[in-house]
Amino acid sequence: MHKILALLSLTLFAGTGWAEPLRITAFGDSLVQGYGLPQGQGLVPQLERWLNENGAEVTLQNAGVSGDTTAGGAERAAWTLSDNPDGLIVLLGGNDLLRGLSPEEARANLTRILQAAEAQGIEVMLIGMKAPPNYGPEYKESFDAIYPELARAFGAVLHPDAFAGIAAEAGGDPAAAQAYMQDDGIHPNAQGVALNVAALGPAALQLVESIRN
């Protein structure tokens, strides 16, 4: 992993002297908005710091709305993209899962968001959500497949699991994962966000490289 980061950072540094930092919009729900976290400790500020520490030269804009479903995201996608960001990071689907909404609906809504970005030539990174097992194997298989399939269809950079950092640190143990979650058991605490950011950072660097190229 360290070698991959080093190579990506060297690629980004090659030909330095950009006119200004890239503007990337982080688009999503409370996981993006930073629900329950001190200022500066949410996903957006932590990821911005991580990227800049790794040579990316970016400014991240927070377009997270707590409680947003994929349907809500689809409705505001055009407005969010109206200022023509250089890139878009999409993290939606958690509230669809909490409400047990259909994978078909989530897929259709995420497709609308990706189509809006594609129409403007905006590079996209898609962050996946993993369905819990309590909805049954068929639901989980259908929902989990949305993100890799849409990433392939639209040529988006994919990070398959928004909670990959916590999952790796906890070794897949739900009880151990609680140390990195807020009291509601849904949102990561600042330490959990840091773990998730470190896990998704390499994919975000790929997004930056795609934009630069």
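Quick rundown of the values:
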| item | result |
| --- | --- |
| Candidates Gly185, Gly201, Gly192, filtered to the one that is closer than 19 Å to Ser30 by Cβ, in a helix (DSSP H, G or I) and touching a helix residue (DSSP H, G or I) at 6+ places or on another chain (Cβ under 8 Å) | Gly192 |
| Conditions (1) open to solvent by 80 Å² or more (accessible area, probe 1.4 Å); (2) touching a Ser or Thr at 6+ places or on another chain (Cβ under 8 Å): number failed by Asn109 | (1) |
| Qualifying residue in the range 54-63 (condition: modelled with pLDDT of 95 or more, out of contact with any strand residue (DSSP E or B) (no Cβ under 9 Å at 6 or more places or on another chain) and more than 18 Å from Arg23 (Cβ to Cβ)) | no |
| Output for the range 39-54, where each listed residue is outside any helix (DSSP H, G or I) and either among the polar types (S, T, N, Q) or buried (at least 18 other Cβ atoms within 10 Å of the Cβ) (or both) | Gln39, Gln41, Gly42, Asn54 |
| Residue identified as over 12 Å from the mean Cα position of the chain (by Cα) and under 22 Å from Ala108 (Cβ atoms) among Gly55, Gly72 | Gly72 |
| Residue list for the range 195-210, filter: over 13 Å from Phe163 (Cβ atoms) and either touching a strand residue (DSSP E or B) at 6+ places or on another chain (Cβ under 7 Å) or open to solvent by 10 Å² or more (accessible area, probe 1.4 Å) (or both) | Pro202, Ala203, Ala204, Gln206, Leu207, Val208, Glu209, Ser210 |
| Qualifying residue in the range 119-138 (condition: more than 21 Å from Tyr35 (Cα to Cα), touching a His at 6+ places or on another chain (Cβ under 9 Å) and aliphatic (A, V, I, L, M)) | yes |
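Yes or no, residue by residue, for (1) under 17 Å from the mean Cα position of the chain (by Cα); (2) charged (D, E, K, R):
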residue	(1), (2)
Ala119	no, no
Val124	yes, no
Asp144	yes, yes
Tyr180	no, no
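The values are calculated or read from the model by the stated rules, or taken from the named source; none is laboratory data. Bear in mind that the values here come from a model prediction, so they are computed numbers and not experimental data. Using ideal geometry, Cβ is built from the backbone for each residue, glycine included, and neighbour counts are taken over all protein chains shown. Just the protein is used for accessible areas: all its heavy atoms, side chains included, with ligands, DNA and RNA removed. Shrake-Rupley method; radii C 1.70, N 1.55, O 1.52, S 1.80 Å.
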